[in-house]
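See structure below.
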Amino acid sequence: MNLFALLDQAASRFGERGAVYLGARQVHTWAQLRERALRLAATLGQPGTRVAVASENRPEIIELMFAVWAAECVYVPINYKLHPREMGQILEDSGATQVFASPKIAPTLDAPLEVIGTPAYENRFAGEALAPPVTDAETLAWLFYTSGTTGKSKGAMLSHRNLMAMTVSHLADFDAPDENCSLVHGAPMSHGSGLYVPPYVLRGARQVIPESAAFEPDEFLDLCESHPGCSAFLAPTMVQRLVQTGRSCPANLRTIVYGGGPMYVDSLKKAMAAFGPVFVQLYGQGEAPMTITGLRRHDHVDADDAVLGSVGYARSGVDVAVLSDDGTPAAVGEIGEIVCHGDVVMSGYWNNPDATAATLQNGWLRTGDMGSFDDRGYLTLRDRSKDVVISGGSNIYPREVEEVLLEHPGVIEAGVVGAPDEEWGEVVVAFVVGDVTVEELDAHLLERIARFKRPKRYEFIDELPKNSYGKVLKRALRERLQ
Ligand code: AMP
C-alpha cells in the first residue's frame, strides 16, 4: 500500500473536478494533480531519498507530498516559522538531498535547493510521468520532526501503514467528507493540517490554501463561506482568534478539529457558543499522528465540564492505557503516564536509537504525557511529565491551575510553571496576561482550588511565549524565572 493510491482513486473518480484551490481560485483538477505528482516523482531520485519541503502553506505542497510518495521517497516537511539554524539542523539530521523551499524561505537556507514556483521548478513537469508503484506498507513515508517544546527536535519515522491507519481512523471517528467538501489549510501544513491531506484527498474533498499562506481569522472564515462543506485542523489558540473576530459560524463550516495543545474548558464553551457544535477534539502527537484519543462533534453537545475538559476516549484502532510508576496499569482516577499502541504508532526516531528505546517499550509508545481515565473511559490529560510541579511532595498539575485562572474574566492567558524553592522543592508561579490584580486572583483561586495549588507568585506579562505551532513554551517561562 502506497499513499499515492489515495490520489489515484480520487483522480479516477473525480478527474475533472477541482482538487486544489488558492483562495477562491481553482488551481488543479484531480486528474491534473495526479499527472503533476507523477511527473514530479520522476525527478526526485532513488527510493528512500529524503525530500525536504520548507514552505509556508502553498498549493504546491500537495503535489510535492504525493510525488514523494509515488517515488517511494520520504517526505520531510519543515515548519517555515523555524529559525534558519533549526531548519539547518533538520536538513542535516534527515540527510535530505532534495530540498524544496518557497521563495520566502529559500534565501535563509544554506543548502542546494529548488525554489518552488520558479521556471526551474516548473521544468520538472516537462518530462515523463512515473508509473505508480506497489509499495510495502512498512516503507518510510514521512519524517515528522517533533515541535521540540522540550528540547532538540527528533524525527518520528512514519510509514505508509502508520499514515493509512491515521486516515482510516479519522474517517471512522471524526469526519466523513465527500467530493462536495473542502479541507481549509489554516494551520501550518508541515504539521497537523498537512497530516489531514490524505483522508480528504481519498474522499475527493477540495484542498483550499488561503492566499495569505497563513492563518488570518477573517480570511479563514470567508473561505468557509465560499467553499462547500469546510473542515479544518486548528490549534486551540487559532480557535480563540476566530472567536475574537465576533463573527458567527460561516454557512459552510462543518468541522473544526482542535488539538495539539490544551483547550481550556472556558475557551471551548465560548467557541461553542459562537460557532455551535462544529468542534472535534483530538489528542495525538507526531509519534502517533493525530490519533490517540478524541471527542467527536456530538460528544461536545450538552457535555459536562469533566467531558469538555478531557481529551475524550481511545480512537479506533488504538489501545490507550495509563501506567503507574511501577509500569502496571493505573486504577481509574489514578494519574500516570499515557501509553498507546496500534498501527498508527511510529517505528522509532530517525538515527536516534537511544530516544527510540526510551520511547517505545514493550510495543507501547510512551507519550511523556500524564493523565488519568475516569470510569466512563474519558482520558483527562494533566501535563507533560516534565511540567508537573512537585511542591512539598505533592504533585500539582499546571493545567488545573491554568483552567481556574482562565475562569476569571480579567485573565486572557495563563501559564503555570514550577520555580525552584529551598523550602518546598518547587513552588507554583503563574504567568498571567490580562487586567487583574494579585489580590483578585488569590481570592478567585481560594474559592475554587486547594490552597497548596495556589501560585506563590504571579508574573504579569504581555503575551505568553509560544512556539511556531502556537504551543506555550513552558521551558521559556521557566528560563524567565532564573
Ligand atoms: P506534537 O508531537 O508536536 O504534535 O505534540 C504533541 C503533544 O501536544 C502531546 O504529547 C501533548 O502533550 C500535546 N497535545 C496534543 N493534543 C492535545 C490535546 N488535545 N490537549 C492537550 N494537549 C495536547
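The values are calculated or read from the model by the stated rules, or taken from the named source; none is laboratory data. Only a predicted model underlies this, so the values are computations on that prediction, with no experimental measurement involved. Cβ coordinates were reconstructed from backbone atoms using ideal geometry, including for glycine residues, and neighbour counts include every protein chain displayed. Side chains are part of the model used for accessible areas, which takes the heavy atoms of the whole protein and leaves out ligands, DNA and RNA. Shrake-Rupley method; radii C 1.70, N 1.55, O 1.52, S 1.80 Å.
Among the residues of the stretch 392-411, is there at least one that is under 24 Å from Ala187 (Cβ atoms), free of Cβ contacts under 8 Å to residues at least 40 places away in the same chain and within 25 Å of the chain's Cα centre (by Cα)?
The answer is no; no qualifying residue exists.
From the list Ala111, Ala101, Ala126, Ala120, which one is more than 19 Å from Gly48 (Cα to Cα) and without any contact (Cβ under 8 Å) to a residue 12 or more places away in the chain?
The unique qualifying residue is Ala120.
Say we look at the stretch 348-368 and pick out the residues that are within 22 Å of Ser316 (Cβ to Cβ) and over 19 Å from the mean Cα position of the chain (by Cα); which of these is most open to solvent (accessible area, probe 1.4 Å)?
Here the residue is Trp364.
Return only the number of the condition from (1) open to solvent by 60 Å² or more (accessible area, probe 1.4 Å); (2) closer than 24 Å to Leu195 by Cβ; (3) assigned to a loop (DSSP other than H, G, I, E, B); (4) touching a strand residue (DSSP E or B) at 6+ places or on another chain (Cβ under 9 Å) that His298 does not satisfy.
So His298 meets the others, but not (4).
Report yes if some residue within the stretch 414-424 is open to solvent by 30 Å² or more (accessible area, probe 1.4 Å) and within 19 Å of Met370 (Cβ to Cβ); otherwise report no.
Among the residues of the stretch 414-424, not one is open to solvent by 30 Å² or more (accessible area, probe 1.4 Å) and within 19 Å of Met370 (Cβ to Cβ), which makes the answer no.
Select from the stretch 253-264 the residues that are out of contact with any His (no Cβ under 8 Å at 6 or more places or on another chain), within 13 Å of the ligand (Cβ to nearest atom) and open to solvent by 20 Å² or more (accessible area, probe 1.4 Å) and list them in ascending order.
Correct list: Gly261, Pro262, Tyr264.
Taking the stated definitions as given, is Pro250 part of a loop (DSSP other than H, G, I, E, B), more than 16 Å from the ligand (Cβ to nearest atom), at pLDDT 95 or above and touching a Cys at 6+ places or on another chain (Cβ under 9 Å)?
Criteria met by Pro250.
Could you run through the stretch 9-23 and say how many residues are touching a helix residue (DSSP H, G or I) at 6+ places or on another chain (Cβ under 6 Å) and part of a strand (DSSP E or B)?
2
I'd like the full set of residues that are more than 10 Å from the ligand (Cβ to nearest atom) and either open to solvent by 10 Å² or more (accessible area, probe 1.4 Å) or not in a strand (DSSP E or B) (or both), limited to the stretch 369-379.
Within the stretch 369-379, Phe373, Asp374, Asp375, Arg376, Gly377, Tyr378 meet the criteria.
Only one of (1) in contact with a Leu (Cβ under 8 Å, 6 or more places away or on another chain); (2) surrounded by fewer than 18 Cβ atoms within 10 Å (Cβ to Cβ); (3) more than 30 Å from Phe215 (Cα to Cα) is not met by Ala443, so which one is it?
Of (1) in contact with a Leu (Cβ under 8 Å, 6 or more places away or on another chain); (2) surrounded by fewer than 18 Cβ atoms within 10 Å (Cβ to Cβ); (3) more than 30 Å from Phe215 (Cα to Cα), only one is false for Ala443: (1).
Does the stretch 468-482 hold any residues that are within 16 Å of the ligand (Cβ to nearest atom) and open to solvent by 40 Å² or more (accessible area, probe 1.4 Å), and which are they?
Those that are within 16 Å of the ligand (Cβ to nearest atom) and open to solvent by 40 Å² or more (accessible area, probe 1.4 Å): Lys471, Val472, Arg475.
Given the structure, is Val339 open to solvent by less than 30 Å² (accessible area, probe 1.4 Å) and among the hydrophobic types (A, V, I, L, M, F, W, C)?
yes
Only strands (runs of 3 or more DSSP E) wholly contained in the stretch 24-96 count here; list those with 3 or more residues that are open to solvent by less than 10 Å² (accessible area, probe 1.4 Å).
Where strands (runs of 3 or more DSSP E) fall fully within the stretch 24-96 and carry at least 3 residues being open to solvent by less than 10 Å² (accessible area, probe 1.4 Å), they are 50-54, 74-78.
Which residue out of Pro465, Pro409 is closer than 16 Å to Thr237 by Cβ and open to solvent by 20 Å² or more (accessible area, probe 1.4 Å)?
Checking each option against the conditions leaves just Pro465.
Name the one entry in Leu221, Leu234 that is within 15 Å of His185 (Cβ to Cβ) and either touching a helix residue (DSSP H, G or I) at 6+ places or on another chain (Cβ under 6 Å) or surrounded by fewer than 24 Cβ atoms within 10 Å (Cβ to Cβ) (or both).
Leu221
Which residues, taken from the stretch 270-285, are within 16 Å of the ligand (Cβ to nearest atom) and either open to solvent by 30 Å² or more (accessible area, probe 1.4 Å) or assigned to a strand (DSSP E or B) (or both)?
Within the stretch 270-285, Met272, Phe279, Val280, Gln281, Leu282, Tyr283, Gly284, Gln285 qualify.
Would you mention how many residues in the stretch 301-323 are more than 13 Å from the ligand (Cβ to nearest atom), in a helix (DSSP H, G or I) and without any contact (Cβ under 8 Å) to a residue 60 or more places away in the chain?
1
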